[in-house]
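> Structure incoming, see below.
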Amino acid sequence: MTTTAQTAETPEPAEATRTAATTWTAEPAHDGPTPTAPSSRNLRWLALAGLLALFVSLVLTAVAVLNDAINGDGSGGPLASAAFWALGLGTTAGVVAAAAPRVALPHRARTGVVIAEYALAVLAPVLALLD
């Protein structure tokens, strides 16, 4: 007749073997990324290309704002300021996506930052045209 205290103290043989095996088994050292892990190299190149897209977006935004200043009311509105803020935020996102180490920015987060960079590059001239 066993009591609950006796069964709780003595582990089953399978559990004891498994615990001992995992305690003494050392995993091999692995220096690089796993072969099945997604690569961040392509996303870094996309982020650098996004910086070029942001430069083109800057030129288009400046043309739209200057055209509004010359032919319009002569002053930039809040959407023109928002367009230039979008360019600044897009540039920051591009630099972070291109320069952050793999450990600091996982693949999924890097993908989101690159998508945000391109979205801000498209949004800036649209905001400037709406002003």
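The values are calculated or read from the model by the stated rules, or taken from the named source; none is laboratory data. If you're wondering where the values come from, they're calculated on a predicted model, not measured in any experiment. So basically every Cβ, Gly included, is an ideal-geometry build from the backbone, and we count neighbours across all protein chains shown.
> In the range 65-80, what residues are exposed (fewer than 12 other Cβ atoms within 10 Å of the Cβ) and either acidic (Asp, Glu) or part of a helix (DSSP H, G or I) (or both)?
ILE70, ASN71, ASP73, PRO78
> Test ARG102 against the criterion of being touching a residue at least 12 places away in the same chain (Cβ under 8 Å), among the basic types (Lys, Arg) and part of a helix (DSSP H, G or I), and give yes or no.
Against the criterion (touching a residue at least 12 places away in the same chain (Cβ under 8 Å), among the basic types (Lys, Arg) and part of a helix (DSSP H, G or I)), ARG102 does not qualify.
> Sticking with this structure for a sec: For the range 119-126, check the following and say yes or no: at least one residue is free of Cβ contacts under 8 Å to residues at least 60 places away in the same chain and more than 22 Å from the chain's Cα centre (by Cα).
Yes, the range 119-126 contains a residue that is free of Cβ contacts under 8 Å to residues at least 60 places away in the same chain and more than 22 Å from the chain's Cα centre (by Cα).
> Answer yes or no as to whether GLY88 is out of contact with any helix residue (DSSP H, G or I) (no Cβ under 8 Å at 6 or more places or on another chain), surrounded by fewer than 16 Cβ atoms within 10 Å (Cβ to Cβ), assigned to a helix (DSSP H, G or I) and among the small types (Gly, Ala, Ser).
Criteria met by GLY88.
> While we're here: Starting from the range 56-78, keep only residues that are closer than 16 Å to GLY90 by Cα and among the small types (Gly, Ala, Ser), then list their pairs with residues that are part of a helix (DSSP H, G or I) and at pLDDT 95 or above whose Cβ atoms are within a distance under 6 Å, requiring at least 6 positions of separation or different chains.
Once the first residue is closer than 16 Å to GLY90 by Cα and among the small types (Gly, Ala, Ser) and sits in the range 56-78, its partners that are part of a helix (DSSP H, G or I) and at pLDDT 95 or above give SER57/ALA121; SER57/ALA124; SER57/PRO125.
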